[in-house]
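The values are calculated or read from the model by the stated rules, or taken from the named source; none is laboratory data. Bear in mind the structure is a predicted one, so any value in this text is a computation, not a measurement. Please note: Cβ atoms are built from the backbone with ideal geometry, for glycine as well, and neighbour counts cover all protein chains shown. Quick note on the areas: whole protein, heavy atoms, side chains included, nothing else; ligands and nucleic acids left out. Shrake-Rupley method; radii C 1.70, N 1.55, O 1.52, S 1.80 Å.
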Amino acid sequence: MLMKNKKAWIWRAPLLLVILLVYCSPFYILLGISFKPVTDLSSHWKFPTLPTLENFRVAIEQGNIFTALKNTTLISVIVVLLIIAVSSLAAYPLARNRSKGNNLIKSFILGIMMVPPLSILVPLYSILVDMGGINEYWGIILILLTYELPQAIFLYTNFIRSIPEALDEAAALDGCGPIRTFFYIVLPQLKSVTASVIILTGIHCWNDYQFSLYVLQSSKMNTITLAISSFFSQTTSNLHAASAAALLAILPVVIVFLFLQKYFIKGMVDSAIK
Amino acid sequence: MKKRARTMNLFYVPALILFAVFVIYPFTKGIFLSFTNWNGYSQSYKMVGINNYIRMLTDQNVHRALLNTIIYGVGSTLLQNVFGLALALLLNQKFRGKSVVRTMVYLPVMIAPLIMGYVMYFFFTYNNGALNDILGVFGLEAIDWLASGTRGTAILTIVNSLQFVGISMVIYLAGLQGIPDMYYEAAAIDGINSVQRFFYITLPLLMPAISSSVTINLIGGLKLFDIISALTGGGPGYDTNSLSTLVHRTYFASENAGYASAIGLISFVLIMVLSNIVLKYLDKKEADLC
C-alpha cells in the first residue's frame, strides 16, 4: 500500500504544484503591485522591496472606494432580501400546482435564465430612462432583482417539491388557507435553500458590472466594479493605485468565502442539480 | 380545492409583473426599435424597414462577433468540463492538502470577472507583463499577446474557463461522490482496467452532472461581457467582440440604437436556438441512460 501511495505522489505532487501556482499567481501579482511604490518598475513577479501603503491612500481618496463599497453593499442587501420574498412566494404554487399553465410559466422563467440581458439592452435602457430609473437605487435594484429571480425561483421550486405535500394537506384540513400554510408550514423549512439563494444572488449583485454600467452613470452612485473600471481607464499612469482598489474590492468576498466555503459550494451544487 | 389553487397562484404575480416590465416589454420594444434608425437619445426617428437586418448580412464586425460568441460559449464549455472533470477526479482521491487545492481553484469563481480581467491585464501586457517576464527568463522574445484578434479570443476563452472551472469541478465532485462504491467493487471482481472503469462506469453515471455543468458553462460563455471589456475592450478593432460587447459598442459609442437592437435580437434568437439544441440533446442522453 505504501509503495502504491509513493507512486501516486510522483505524478500527483508536481501536478498539484502547477495547479496551485497557476491559481495563486493572480492574487500574488495583485498583492505585489498594490504594495509597490509607483516608481518601482521591477517585474511584477518581484515582491516589493519597500512596501508602501501609498497606493491604498490614493485608491481610497481618488477612487472613492468606500462610497462604492457602501453603495454595493446597500444594493446587494436590498436585492437579496427582495429576491427571497418574491422568489419563495413564486416558487410555492409552481412547486405545488402542477397545472399545464403553471408548467408553462415555469419553463418561461427558466428560459429567461438563458437570455443574455445585453441582447435587449437598448430597449431596457430606454425604458429605464422613461421611468426615471437611471442613477437611482431603485432602478438598478429592480433590474438586478428581475434578472436574478429565475435562478432563485428554480432553487426554491426544486426544494419545495422535496418537502412532503402531506404537511400542506394536513394544514389545509385544519383550515389553514394557502397564505397561512405558506408562512407557517413551508417557509420555516426553507432555511438551507435560502442560504444558497443568499450566497448565489449576493455574489452576483456584488460582482455585477453589465447592468450597473448602464443604470448608475453618476460617479456618486458608483458600485465597486464601476469604481474599479473607471480607475483603470482614467489613471493608466497609476495602475498601482488601481490594483490597490481592486484588492480592497475583492477582500470582503474572499474573506467571507474562506469562512463560509462549505455553504458556497453547497449553494452552487444545489443550483446545478436539476 | 380549485379556489385554493387559484389563491395560491396569486403568489407568483409579483414575479410575473417584474418579468413583464423588464423582460417582455423591452423585448417587444426591441423588435420595434430594430426597424428604426433611432440614435438612442433624440425624440425623432424614422422607420427604416428591414434595413438594419440587411446591413447585418454584410457587416464583418457582426460576423466576427457572432463567431467569437460561439467560440466563447463552446470553447469555454469544452475547457471547463474537461479540466473540471480532471480536477474532480484528482480531488476525489484521499490525500493531504486537497482542500487547499479545492479552495484555490474555486476562489476565482467569487471574484468579479471584470476585476479578474484587469488582473489578467498585468499578465498579458507587452511591457513588463508577467508572462513576457517569464519568457524573458528563458531568453525568449516577448510577445504582444493581445495584438492579434484570434489570439485575443483564445486568451479570453482560456481566462474565462480557468476562472470558472471551479463550478464544474464541484459539480463533478458531488457527482463522483454520489456513485455507489459497489459498482466499482463489482467491476474490480470482473477484472476491469482503469480506462474501462472510467468509460463504462464513471462517465455514464456522471451524465446528470455533465448535463448541469455543460448548461451552466454554455450559458455563461455565450453571455461573456465583463472580462472582454476589461481585458481587450473588444479590440484590436472589433476582433474580440462578443455579441454582447458589440451591442454595447454599437449603442453607446456609435449611437446606433436601432441597429444595436437588431443585433441584440438576432443574438437573442441564436443563443436561444443554440442552447436549446444542446439542452435537448443532453436531456435525451440522460433519458437514454436511465
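Given A:K106/B:K280; A:K100/B:K29; A:K191/B:K3; A:K7/A:K262, which pairs have Cα atoms separated by over 20 Å? Walk me through the numbers before you get to the answer.
Numbers: A:K106/B:K280 17 Å; A:K100/B:K29 28 Å; A:K191/B:K3 29 Å; A:K7/A:K262 31 Å.
The answer is A:K100/B:K29; A:K191/B:K3; A:K7/A:K262.
Label B:D283 and A:W9 with points 7 Å out from Cα along Cα→Cβ: what is the distance between them in nm?
Between B:D283 and A:W9, the label points sit 5.0 nm apart.
Name the residues of region B:233-259 whose accessible area falls by at least 50 Å² when all protein chains are present instead of the chain alone, probe 1.4 Å?
Buried on complex formation: B:Y251, B:F252.
Would you list, by chain and number, the lysines whose Cα falls below 18 Å from the Cα of B:K285, excluding same-chain residues fewer than 8 positions away?
Answer for B:K285, where 18 Å is the Cα cut-off: A:K274, listed by chain and number.
Starting from the Cα gyration tensor of region A:70-272, take the square roots of the eigenvalues, sort them a ≥ b ≥ c, and report rounded, prolate or oblate (rounded when a/c is under 1.5, otherwise prolate if a/b is larger than b/c, else oblate). Show your work: numbers first, answer last.
Numbers: a/c = 2.65, a/b = 1.79, b/c = 1.48.
Prolate is the answer for region A:70-272, as a/c is 1.5 or above and a/b outweighs b/c.
If the elastic network links every pair of Cα atoms under 10 Å, which of A:L124, A:L30, A:L16 fluctuates the most in the Gaussian network model of chain A?
Taking springs between Cα atoms under 10 Å, the residue moving most is A:L16.
Pop the C-beta distance of B:F138 and A:K191 into the FRET formula with R0 = 45 Å and round what comes out to the nearest 0.05. Mind showing how you got there, number by number?
Details: r = 54 Å, r/R0 = 1.21.
Step by step, r from the Cβ atoms, then E = 0.25.
Rounded, prolate or oblate, given the Cα gyration tensor of chain B, with a/c below 1.5 counting as rounded?
Taking the square roots of the gyration eigenvalues as a ≥ b ≥ c, chain B is oblate.
Ignoring ligands, DNA and RNA, how much accessible area is buried between chains A and B, both sides summed, with a 1.4 Å probe, to the nearest 100 Å²?
Adding both sides of the contact gives about 7900 Å².
Kindly identify residues of region A:13-51 having a loss of at least 40 Å² in accessible area between the isolated chain and the assembly of all protein chains, probe radius 1.4 Å.
A:L16, A:I19, A:L20, A:Y23, A:P26, A:F27, A:H44, A:W45
Quick one: accessible surface of A:T72, probe radius 1.4 Å, all protein chains present, in square angstrom to the nearest 10.
0 Å²
Accessible area of region B:119-204 with a 1.4 Å probe: how many percent of it is carbon plus sulfur?
On region B:119-204, the fraction of accessible area on carbon and sulfur atoms equals 62 percent.
Among B:30-38, A:254-262, how do they line up by average Cβ neighbours within 10 Å per residue, starting with the highest?
B:30-38, A:254-262
Return the long-range amide H neighbours of B:T36 (sequence gap of 5 or more, or a different chain), with a cut-off of under 5 Å between placed amide H atoms.
B:V48
Looking at the calculated P(r) for the protein assembly as shown, what percent of the C-alpha pair distances fall above 48 Å?
Result: 14 percent of Cα pairs exceed 48 Å.
Would you calculate, for chain A, the mean residue ellipticity at 222 nm contributed by helices, counting each DSSP H stretch of 4 or more residues as -39,500 (n - 2.57) and dividing by all residues, to the nearest 500?
The helix-only estimate for chain A comes to -25000 deg cm²/dmol at 222 nm.
Along the positive direction of the dipole of region B:60-289 (beta-carbon charges: Lys, Arg +1; Asp, Glu -1; about the Cα centre), which of B:S194, B:S161, B:N217 reaches farthest?
Of the candidates, B:S194 comes out farthest on the positive side.
For region A:67-156, what is the accessible area per residue in Å² when the probe is 1.4 Å?
Each residue of region A:67-156 exposes 32 Å² on average to a 1.4 Å probe.
Which of B:K280, B:K94, B:K223 ends up with the largest GNM mean-square fluctuation for chain B, with Cα atoms connected below 10 Å?
B:K94
Ignoring ligands, DNA and RNA, please state the percent of accessible area on region A:70-272 from carbon and sulfur, probe 1.4 Å. Walk me through the numbers before you get to the answer.
Details: 5260 of 7880 Å².
Of the solvent-accessible surface of region A:70-272, carbon and sulfur hold 67 percent.
To the nearest whole number, what is the average tally of beta carbon atoms from other chains within 10 Å of the beta carbons of peptide B:191-198?
Working: counts 0, 0, 0, 0, 0, 0, 0, 0.
Mean shielding count: 0.
For a quick check, take a GNM of chain A with Cα springs below 10 Å and name the residue from A:A91, A:A245, A:A171 with the largest mean-square fluctuation.
Looking only at A:A91, A:A245, A:A171, the biggest GNM fluctuation is shown by A:A171.
Which value, in Å², gives the accessible area per residue of region B:60-289 when a 1.4 Å probe is used on the protein heavy atoms?
Values: 9780 Å² over 230 residues.
Result: 43 Å² per residue.
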